[in-house]
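> Provided herewith is a single structure, encoded as structure tokens, for subsequent inquiry.
The values are calculated or read from the model by the stated rules, or taken from the named source; none is laboratory data. What you see is a predicted model, and the numbers here were worked out from it, not measured in a lab. We place every Cβ from the backbone using ideal geometry, glycine too, and count neighbours over all the protein chains shown.
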Amino acid sequence: MMTPAGTAAPGARPMPGAGAAWAGAGAPGAPVLEVQDVHVRFPLARDWRGRPVVHAHALNGVSLQVRRGEAFGIVGESGCGKSTLAAVLMGLLRPTEGGLRRPPRADGRPADVQIVFQDPQSSLDPRLPAWRVIVEPLVAAGGLKAVGSRGRDGAARRVRPGKAALRARADALARQVGLRPEQLDRYVHEFSGGQRQRIAIARALAPDPDVIVLDEPTSALDVSVQAQILNLLRELRRAHGLTYVLISHNVSVVRHLCDRVAVMYLGQVVEQGPAAQVLESPRHPYTRELLDAVPRLDRPWPEDAPATPAELPGNTVLPQGCFFRGRCPWATTGCDRPQMLLARPDAPLHAYRCHVAGTR
Amino acid sequence: MSVDRTDPVIGRRPGGLLAGALDSGALYNGAPDVGVLGGGTLDSGVADSVGAAEPVLEIRDLSLEFPVFGGAVRALGGVSLRVMPGEIVGVVGESGSGKSVTAMAALRLLPPGGYRVTGGGLRLCGEDVLAASEARMRQWRGRRAAMIFQEPMTALNPTRRIGDQLTGVLRAHHRLGRREALERAGALLRDMMIPDPARTLRAYPFELSGGMRQRVMAAMAFSCDPALLIADEPTTALDVTVQRQVLQLLRHRARERGTAILFITHDMAVVSQFCDRVYVMYAGTVVEQGPTGRVLDAPRHPYTRGLLDGLPERAAPGADLAAIPGRVPDMRRPPAGCVFFDRCAFADEACRQRPALRSLADAESGAGPGIASERRAACWHPLAPELAAQPEEDA
């Protein structure tokens, strides 16, 4: 029987907080976004009756919980499912199995999730002036929250604000992200890459979201601009107590920004825990391989003969047992059984999906 | 055409200035320890054996601009750069620094008529590139210098099988039959550690993964045994594990054949792990050059220092990153003085004059004035070596 991720086995503790009640959803540390054993399959080929016969298995049992006020990092290589997971977290994609839970906020609406994409050039409307781009989510969501005024059902009433009010909101947001309000009449293409990403961040901030998903926010930027944007993100988080889900292939960016991190491989979380623990003393063999390949300053690669390149296995046919078995240097007996994401008693916050790693 | 003067055996260059150096010395094959970065080996070993040799690529004070409406954008403002046989040289810089233009200019791949060379010159294996005829350039491209681009999907023809494309290159430069060419192509793929060459030869580019495509590109680039391989961000689109494999393959193969690599990238960490020497470019000029280890350990130009300090791995988690304030100058109106003037913390009156790329008395370099150990910076106030030295964080 395939056991979903996160289920406990004898001798090991389940991930703490996994079954925590939703009470106190507004407090820091309370879960604000949770996925439970999510599977996503995309049909690739269909038979003559239109029934899918081949699937791409993008997510294969991901369970995780984002807590209010934290920065949660998701690391992995292309094809590991991190962007699919972002789409699920955003509510843009319905999981094939499993579910997304967003605890209700004080006003009764589900937690609001906004996103900042990698490439602001293609994710911002080129035909709107920057200030309209920034307040677009407010207009799309049906106006601003009217402070203090409540409708008959007790929920905060939303009013459709006038142009002046929207412009004022855009100016305030622009100041927060380090743009000058007078620049906002320009169009997006008139800004530099770093400024465009600032606009994207301002837009994500506009509806006062509970969670901001950052999907490779600095990958398209130069190093010096990346530093500016990372500083801005940290500063905004400090000032507003924001919750981030940072999706990146850049391990050092995740290390810099995140409190907790999950490492993904082939649609599964293979290791999860506090960023310092996972990224400085990784336990899972894949995490080790990944971190080992990250280019580091001052540490030249040895000049010996290169290793035979390994490819990420395809996700149309999932491997039996441990997904990493085919590439794993430690593969041994027992690896043909599905592995579970388990924390060991010595480090209860640090979980990994490998039965060998615990013994080494 | 004089193309077919060559002998059919691939792997031996036709007689020429470079052939002697490579055949006799087999530079890197001969010296066992060469390539250990930062050590003394590189400087002593290579500088001596190479000192007399002729550079495969020599760019001298090249200035180049792109005409635009009502003016011109200065892409290169006096770039000097030299690649010796068998060396791996990095060019690192941010977008707009002119690093790709330098690479394209070296093979004269910029759109004819779309640019103007306003000064300086460049020589490939001792011969002038700017004055060469187009027919001659076609001969040189692939044979003297080959190029790998960032996006293999756009560099490969999507409608033709890998085998056709590889044999096409081989047969354009060598007198080879179809079958012989196909055999050579298979061997080239095997050298790039492609597991099933026969199947890959029959595949179309879209059927291969990104890492495979880039290895096919590398096989194609090495197919005519060039003296110089220009790699323009070859692994930027790849994952780190694949990037490492591709780069190690490239380096292994280059060392084996004595091929020099000009490696264009924005990633300081990759440079530090892959290159023997590095040029740091900013706004169309070289601001600093030297052996990789020294430049990255103790940068002397404020821009290099700023680039390194902006890396998240340099900062303690949670600490603010040291970002370089401001932005790159508008190269339609290039600054008259130092290009880094408005962003530099050390700028003063002297910096209104343009600093030349001057040799630094690099105390710790030790080695003689060999090319490999030459350390230069274009700055009136180079950072003192002791000030520039980074605190060891993860020692």
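> Which residues, counting only those in region B:181-201, are acidic (Asp, Glu) and in a loop (DSSP other than H, G, I, E, B)? Write out each step before concluding.
From region B:181-201, those acidic (Asp, Glu) are B:183, B:191, B:196; that's our starting set.
Within region B:181-201, B:Asp196 is the sole residue that qualifies.
> Do we have A:Arg288 as in a helix (DSSP H, G or I), within 14 Å of another protein chain (Cβ to nearest Cβ), among the charged types (D, E, K, R) and touching a Leu at 6+ places or on another chain (Cβ under 6 Å) here?
no
> Six or more apart or on different chains, Cβ under 6 Å: which pairs go from a residue in region B:110-132 that's more than 17 Å from B:Gly78 (Cβ to Cβ) to one that's surrounded by fewer than 16 Cβ atoms within 10 Å (Cβ to Cβ) and polar (S, T, N, Q)? Could you list them?
none
> Go through region A:57-80 and give me each residue that's within 17 Å of A:Leu318 (Cα to Cα) and among the aliphatic types (A, V, I, L, M).
The answer is A:Ala58, A:Leu59, A:Val62.
> Filter region B:90-102 for residues that are crowded, with 24+ Cβ neighbours inside 10 Å and more than 14 Å from every other protein chain (Cβ to nearest Cβ) and give the result.
Looking only at region B:90-102, we keep the residues that are crowded, with 24+ Cβ neighbours inside 10 Å, and these are B:90-93, B:97-99, B:102.
Of everything in region B:90-102, those that are crowded, with 24+ Cβ neighbours inside 10 Å and more than 14 Å from every other protein chain (Cβ to nearest Cβ) turn out to be B:Val91, B:Thr102.
> May I ask you to list pairs of residues, at least six apart or on different chains, whose Cβ atoms are under 7 Å apart, with the first in region B:273-294 being at pLDDT below 90 and the second being acidic (Asp, Glu)?
If the second residue must be acidic (Asp, Glu), the pairs left are B:Arg294/B:Asp362.
> Residues that are outside any helix (DSSP H, G or I), in contact (Cβ under 8 Å) with a residue 60 or more places away in the chain and closer than 24 Å to B:Met104 by Cβ: does region B:213-222 have at least one?
Of region B:213-222, the ones outside any helix (DSSP H, G or I) are none.
There is no residue in region B:213-222 that is outside any helix (DSSP H, G or I), in contact (Cβ under 8 Å) with a residue 60 or more places away in the chain and closer than 24 Å to B:Met104 by Cβ.
> Can you give me the ranges of the strands (runs of 3 or more DSSP E) entirely in region A:66-119 with at least 2 residues that are modelled with pLDDT of 90 or more, under 12 Å from A:Asp210 (Cα atoms) and away from chain B (no Cβ under 14 Å)? Explain how you work it out, then say what you get.
On the way: elements: A:71-75, A:97-101, A:113-116.
In region A:66-119, A:113-116 are the strands (runs of 3 or more DSSP E) which contain 2 or more residues that are modelled with pLDDT of 90 or more, under 12 Å from A:Asp210 (Cα atoms) and away from chain B (no Cβ under 14 Å).
> Would you pick out the residues in region A:258-284 that are away from every other protein chain (no Cβ under 13 Å), under 19 Å from A:Gly358 (Cβ atoms) and outside any strand (DSSP E or B)?
A:Ser281, A:Pro282, A:Arg283, A:His284
> Given the structure, is A:Leu290 of a type outside the set (Phe, Trp, Tyr) and farther than 22 Å from B:Leu296 by Cβ?
Numbers: of a type outside the set (Phe, Trp, Tyr): yes; farther than 22 Å from B:Leu296 by Cβ: yes.
It is true that A:Leu290 is of a type outside the set (Phe, Trp, Tyr) and farther than 22 Å from B:Leu296 by Cβ.
> Sticking with this structure for a sec: Name the single residue that is modelled with the highest pLDDT among those in region A:27-50 being assigned to a loop (DSSP other than H, G, I, E, B), surrounded by fewer than 17 Cβ atoms within 10 Å (Cβ to Cβ) and touching a strand residue (DSSP E or B) at 6+ places or on another chain (Cβ under 9 Å). It would help to see each step written out before you state the result.
Taking region A:27-50 and keeping what is assigned to a loop (DSSP other than H, G, I, E, B), we get A:27-30, A:47-50.
Going one step further and asking which of them are surrounded by fewer than 17 Cβ atoms within 10 Å (Cβ to Cβ), we end up with A:27-29, A:47-50.
After this cut, where a residue has to be touching a strand residue (DSSP E or B) at 6+ places or on another chain (Cβ under 9 Å) as well, the list is A:28-29, A:47.
Numbers: A:Pro28: 72, A:Gly29: 76, A:Asp47: 90.
Among those residues, the one meeting the criterion is A:Asp47.
> Here is a follow-up. Search region A:220-239 for residues being touching a Ser or Thr at 6+ places or on another chain (Cβ under 6 Å) and in a helix (DSSP H, G or I), and hand back the single one that is farthest from the other protein chains (Cβ to nearest Cβ). Lay out the reasoning, then the answer.
Looking only at region A:220-239, we keep the residues that are touching a Ser or Thr at 6+ places or on another chain (Cβ under 6 Å), and these are A:222, A:226, A:229.
Next cut, in a helix (DSSP H, G or I) only: A:226, A:229.
Numbers: A:Gln226: 7, A:Ile229: 9 Å.
If we take residues in region A:220-239 being touching a Ser or Thr at 6+ places or on another chain (Cβ under 6 Å) and in a helix (DSSP H, G or I), then A:Ile229 is farthest from the other protein chains (Cβ to nearest Cβ).
> Just checking, how many residues over region B:250-264 are at the interface with chain A (Cβ under 10 Å from one of its Cβ atoms) and either surrounded by 24 or more Cβ atoms within 10 Å (Cβ to Cβ) or small (Gly, Ala, Ser) (or both)?
Residues meeting the conditions: 1.
> Also, quick follow-up: With the checklist (1) without any contact (Cβ under 8 Å) to a residue 60 or more places away in the chain; (2) farther than 26 Å from B:Ile194 by Cβ; (3) of a type outside the set (A, V, I, L, M, F, W, C) in hand, flag the one item A:Gly314 doesn't pass.
Only one criterion in (1) without any contact (Cβ under 8 Å) to a residue 60 or more places away in the chain; (2) farther than 26 Å from B:Ile194 by Cβ; (3) of a type outside the set (A, V, I, L, M, F, W, C) is unmet by A:Gly314, namely (2).
> What number of residues within region B:252-289 are within 14 Å of the chain's Cα centre (by Cα), in a strand (DSSP E or B) and not β-branched (Val, Ile, Thr)?
The number of residues fulfilling the criteria is 7.
> Another question, if that's okay. On the basis of being surrounded by 19 or more Cβ atoms within 10 Å (Cβ to Cβ), away from chain A (no Cβ under 13 Å), at pLDDT 90 or above and out of contact with any helix residue (DSSP H, G or I) (no Cβ under 6 Å at 6 or more places or on another chain), does B:Ala227 make the cut? Before the answer, list the steps.
Numbers: surrounded by 19 or more Cβ atoms within 10 Å (Cβ to Cβ): yes; away from chain A (no Cβ under 13 Å): yes; at pLDDT 90 or above: yes; out of contact with any helix residue (DSSP H, G or I) (no Cβ under 6 Å at 6 or more places or on another chain): no.
So B:Ala227 does not fit the description; no.
> Is there a residue in region B:177-188 that is aliphatic (A, V, I, L, M), within 12 Å of chain A (Cβ to nearest Cβ), crowded, with 20+ Cβ neighbours inside 10 Å and under 28 Å from A:Arg327 (Cα atoms)?
Our first condition is that a residue be aliphatic (A, V, I, L, M); within region B:177-188, this holds for B:181-182, B:185, B:187-188.
Applying the additional criterion that residues be within 12 Å of chain A (Cβ to nearest Cβ) yields none.
For region B:177-188, residues aliphatic (A, V, I, L, M), within 12 Å of chain A (Cβ to nearest Cβ), crowded, with 20+ Cβ neighbours inside 10 Å and under 28 Å from A:Arg327 (Cα atoms): absent.
> Counting only residues that are modelled with pLDDT of 90 or more and touching a strand residue (DSSP E or B) at 6+ places or on another chain (Cβ under 7 Å), which one in region A:193-208 is farthest from the other protein chains (Cβ to nearest Cβ)?
Across region A:193-208, the extreme among qualifying residues is A:Ala204.
> Quick test of your reading of the structure: A:Asp304 fulfils all but one of (1) within 12 Å of chain B (Cβ to nearest Cβ); (2) within 29 Å of B:Leu296 (Cα to Cα); (3) in a helix (DSSP H, G or I); (4) not small (Gly, Ala, Ser). Name the failing condition by number.
(3)
> Test B:Leu182 against the stated conditions and say whether it is of a type in the set (A, V, I, L, M, F, W, C) and touching a residue at least 40 places away in the same chain (Cβ under 8 Å). Full working, then the answer.
Details: of a type in the set (A, V, I, L, M, F, W, C): yes; touching a residue at least 40 places away in the same chain (Cβ under 8 Å): no.
For B:Leu182, the condition - of a type in the set (A, V, I, L, M, F, W, C) and touching a residue at least 40 places away in the same chain (Cβ under 8 Å) - is not met.
> Report, by residue number, each residue of region A:179-198 that is in a loop (DSSP other than H, G, I, E, B) and crowded, with 17+ Cβ neighbours inside 10 Å.
Taking region A:179-198 as the starting set, the residues that turn out to be in a loop (DSSP other than H, G, I, E, B) are A:179-180, A:186, A:191-192.
If the condition is that a residue be in a loop (DSSP other than H, G, I, E, B) and crowded, with 17+ Cβ neighbours inside 10 Å, then A:Leu179, A:Phe191 are the ones that fit.
> Okay, next question. Given the residues A:Leu312, A:Leu279, A:Leu297, which is the only one that is crowded, with 16+ Cβ neighbours inside 10 Å, among the hydrophobic types (A, V, I, L, M, F, W, C), within 16 Å of A:Cys80 (Cα to Cα) and touching a helix residue (DSSP H, G or I) at 6+ places or on another chain (Cβ under 9 Å)?
One residue alone meets the criteria, A:Leu312.
> Look at B:Leu308 and say whether it is crowded, with 19+ Cβ neighbours inside 10 Å, more than 14 Å from chain A (Cβ to nearest Cβ) and either closer than 27 Å to A:Leu230 by Cβ or in contact (Cβ under 8 Å) with a residue 40 or more places away in the chain (or both). Explain how you work it out, then say what you get.
On the way: crowded, with 19+ Cβ neighbours inside 10 Å: yes; more than 14 Å from chain A (Cβ to nearest Cβ): no; either closer than 27 Å to A:Leu230 by Cβ or in contact (Cβ under 8 Å) with a residue 40 or more places away in the chain (or both): yes.
Considered against the rule, which asks whether it is crowded, with 19+ Cβ neighbours inside 10 Å, more than 14 Å from chain A (Cβ to nearest Cβ) and either closer than 27 Å to A:Leu230 by Cβ or in contact (Cβ under 8 Å) with a residue 40 or more places away in the chain (or both), B:Leu308 comes out as no.
> Name every residue in region A:68-99 that is surrounded by fewer than 24 Cβ atoms within 10 Å (Cβ to Cβ), more than 10 Å from the chain's Cα centre (by Cα) and under 19 Å from A:Ala275 (Cα atoms), in order of residue number.
Passing the criteria: A:Arg68, A:Gly69, A:Glu70, A:Glu77.
> Quick one: A:Thr243 ticks every box in (1) touching a residue at least 60 places away in the same chain (Cβ under 8 Å); (2) surrounded by fewer than 24 Cβ atoms within 10 Å (Cβ to Cβ); (3) among the hydroxyl-bearing types (Ser, Thr, Tyr); (4) closer than 23 Å to A:Thr359 by Cα bar one, so which box is it?
(4)
> Please identify the pairs in which a residue from region A:333-360 that is hydroxyl-bearing (Ser, Thr, Tyr) has its Cβ atom under 6 Å from the Cβ atom of a residue that is at pLDDT 90 or above, counting only partners at least 6 apart or on another chain.
Pairs found: A:Tyr352/A:Glu271; A:Tyr352/A:Arg283; A:Tyr352/A:His284.
> Shifting gears a bit: Go through (1) under 24 Å from B:Pro85 (Cβ atoms); (2) within 14 Å of chain A (Cβ to nearest Cβ); (3) out of contact with any strand residue (DSSP E or B) (no Cβ under 7 Å at 6 or more places or on another chain); (4) among the hydrophobic types (A, V, I, L, M, F, W, C) and name the single condition B:Met212 misses.
The failed condition is (1).
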